Amino acid sequence: MKYKFYSPVCGVIDYDFSKGMDYDSYLDESGMDELEEIDFDYLTGEELSAYEKEINEAIEKSWEQEDIDRKGLMFYFCCGFEDEKNKEILNKVAAAYPKIETVCGTAYSIMVCDTNQPLMKNEIEILKDYFAGQYSDGWGEGFSQRGIETEYGVLYLDFWSTDFQIETEDEFKNRMELEQNNDLNLGM
């Protein structure tokens with residue numbers, strides 16, 4: 001059984017192939033003098049969809065190097081948690097791996113969880129909080145510091161965008177349908 005959690009992504013592409021920087025460097029106002037010398041663009045989810053293959057290859061490569069137990073981000077879930085509820089979640093969720101998927105022309109971060117049994121609503125909320133933390137301060141922060149070389153430049157991906165939210169697959173699909181219906185109603 002699989003569960004998917006969706007969230008927006010954004011990024012930066014550095015056309016000068018500067019690998020000595022990370023995503024946050026392009027937002028640092030104190031370093032703007034240095035940035036004026038670099039040819040780069042901020043990328044939205046729509047623009048990132050063109051790089052889905054390269055991003056997913058880089059994500060997979062990062063896990064090949066560090067994922068001994070084949071648990072993905074669930075390896076870190078057990079660290080520091082002594083709560084019985086969290087142990088139950090760890091027993092249910094065998095592995096959790098991030099990837100990028102394009103939906104309706106926009107790239108989204110998808111956390112794919114392989115589970116042995118269904119998750120309860122409160123367990124889903126605990127996982128959402130955990131994955132949000134991993135995107136902002138954990139795995140996602142580390143990944144944003146590694147440039148992904150593309151044909152056009154070095155791409156830095158940020159899993160913690162300003163409009164960050166994390167949704168289950170059902171929540172995501174319902175919101176997308178509602179937005180499409182609203183767009184259709186406005187167009188009439």
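Structure notes:
- Residue that is modelled with the lowest pLDDT, among those in the stretch 144-165 that are buried (at least 20 other Cβ atoms within 10 Å of the Cβ) and within 28 Å of LYS85 (Cβ to Cβ): TRP160
- Cβ-Cβ contacts under 6 Å between residues 6 or more apart (or on different chains), taken from a first residue in the stretch 155-169 that is at positive phi to a second residue that is among the small types (Gly, Ala, Ser) and part of a strand (DSSP E or B), are absent.
Rundown of residues vs (1) touching a strand residue (DSSP E or B) at 6+ places or on another chain (Cβ under 6 Å); (2) surrounded by fewer than 12 Cβ atoms within 10 Å (Cβ to Cβ); (3) within 22 Å of SER136 (Cβ to Cβ); (4) at pLDDT below 90, yes/no style:
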{"residue": "CYS10", "(1), (2), (3), (4)": "yes, no, yes, no"}
{"residue": "SER18", "(1), (2), (3), (4)": "no, no, no, yes"}
{"residue": "GLU37", "(1), (2), (3), (4)": "no, yes, no, yes"}
{"residue": "ASN56", "(1), (2), (3), (4)": "yes, no, yes, no"}
{"residue": "GLU84", "(1), (2), (3), (4)": "no, yes, no, yes"}
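- Selection within the stretch 104-117 - of a type in the set (A, V, I, L, M) and at pLDDT below 95: none
- Count of residues meeting criterion [farther than 16 Å from TRP63 by Cα and among the aliphatic types (A, V, I, L, M)] in the stretch 91-131: 8
The values are calculated or read from the model by the stated rules, or taken from the named source; none is laboratory data. If you're wondering where the values come from, they're calculated on a predicted model, not measured in any experiment. Using ideal geometry, Cβ is built from the backbone for each residue, glycine included, and neighbour counts are taken over all protein chains shown.
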